[in-house]
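Enquirer: Questions regarding the structure given below will be posed in turn.
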Amino acid sequence: MAQTLLQLFSEHEDAIVADYTAAIRASSGHYSTVSTDELEGNIRRSLSLVVALSENPGDVEARDYVHGLCRLRVPQGFRLEEVMEAIFLLGESVVPIMRRVWAGDDTTRQAAADQLRRGLQRLATLWAGGYWAMQEDLMARKEAAMRRLSTPVISIWEGILTLPLIGDVDDGRSRQVTEELLSNIVATQSDFVLLDITGLGSINTAVIAQLMRTIRAAELLGAQCWIVGVSPEVAQTIVHLGVDMQPITTYATLREGLAEAMRRLGLRVVDERAR
């Protein structure tokens, strides 16, 4: 029966392609942006894939082709429901021809229709899998970009880095903070790091332990790492938690920490207005 369906597509391919092209262009504005040559080429390939998938749902060539199209279509803004509608419309373009060709042969027509349905369903499954794989990849990339933006290591002066921590710091973000900081220390050969906790969401023993691990790692690379932005409320919280901060240098503000780092580097800021 697969050969019968393939023969149908071969003999009436031009009619199917013409009808289907018009149908999907009318159903979605996104498809109207695809060139006619590209669209017709995709349709002809899809017809052969429907035949292959009707017999073998695990067809590797079909999977690779569909996932390749997903990588092209998702960044172009195609929604999954648009693709599902297009697959449904392919069936609508084929069924009338099947009815005409096998008008007097109900058995063959029904068997071919069942074959067509299986192929289209498996094609839709491949599209859904490829689409969600692409979405997950895009989300992972966006999350990675957001993590980088949430841990901006800033070279505030030659030899001095600052890292403002904003929001909550969990294990995953702590690793990101440490990796970003260490790579910047090596790249800039900085002597001082100011961890600014002014915008930190919450302070608890786990967060303090993570900060101390980051500080120790920075010090192993030869950089002195201080905590700045310690408000009275944060100081009280640390005392209440009973955490020993004795080995850690802290400053109430970023300004104070920067002034001390500059002093140790033999630098000083001169107010030209005083002259």
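Residue-wise test of (1) farther than 30 Å from Leu258 by Cα; (2) basic (Lys, Arg); (3) in contact with a strand residue (DSSP E or B) (Cβ under 8 Å, 6 or more places away or on another chain).
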residue: Ser93; (1), (2), (3): yes, no, no
residue: Ala113; (1), (2), (3): yes, no, no
residue: Thr162; (1), (2), (3): no, no, yes
residue: Gly172; (1), (2), (3): no, no, no
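Enquirer: Still on this structure: Any chance you could count how many residues in region 46-65 are of a type in the set (Lys, Arg) and under 21 Å from Asp14 (Cβ atoms)?
Expert: Residues in region 46-65 being of a type in the set (Lys, Arg) and under 21 Å from Asp14 (Cβ atoms): 0 in total.
Enquirer: Show the residue pairs meeting these rules: Cβ distance below 8 Å; 6+ apart or different chains; first residue within region 89-103 and in the same structural domain as Gln7 (by TED's automatic domain parsing) and within 14 Å of Thr4 (Cα to Cα); second residue in a loop (DSSP other than H, G, I, E, B) and not acidic (Asp, Glu).
Expert: Once the first residue is in the same structural domain as Gln7 (by TED's automatic domain parsing) and within 14 Å of Thr4 (Cα to Cα) and sits in region 89-103, its partners that are in a loop (DSSP other than H, G, I, E, B) and not acidic (Asp, Glu) give Ile97/His12; Val101/His12.
Enquirer: Cβ-Cβ below 8 Å, separation at least six or inter-chain, first residue in region 226-242 and in the same structural domain as Gly167 (by TED's automatic domain parsing), second small (Gly, Ala, Ser) and part of a helix (DSSP H, G or I): which pairs?
Expert: Pairs that qualify, where the first residue is in the same structural domain as Gly167 (by TED's automatic domain parsing) and the partner is small (Gly, Ala, Ser) and part of a helix (DSSP H, G or I), are Trp226/Gly257; Trp226/Ala261; Val228/Gly257.
Enquirer: Please tell me if Asp64 is over 17 Å from Leu116 (Cβ atoms), in the same structural domain as Asp137 (by TED's automatic domain parsing), at pLDDT 90 or above and not β-branched (Val, Ile, Thr).
Expert: Against the criterion (over 17 Å from Leu116 (Cβ atoms), in the same structural domain as Asp137 (by TED's automatic domain parsing), at pLDDT 90 or above and not β-branched (Val, Ile, Thr)), Asp64 qualifies.
The values are calculated or read from the model by the stated rules, or taken from the named source; none is laboratory data. Since the structure is predicted, the reported quantities are computational estimates derived from the model, not experimental observations. Cβ sites come from the backbone with ideal geometry, for glycine too, and all protein chains shown count toward neighbours.
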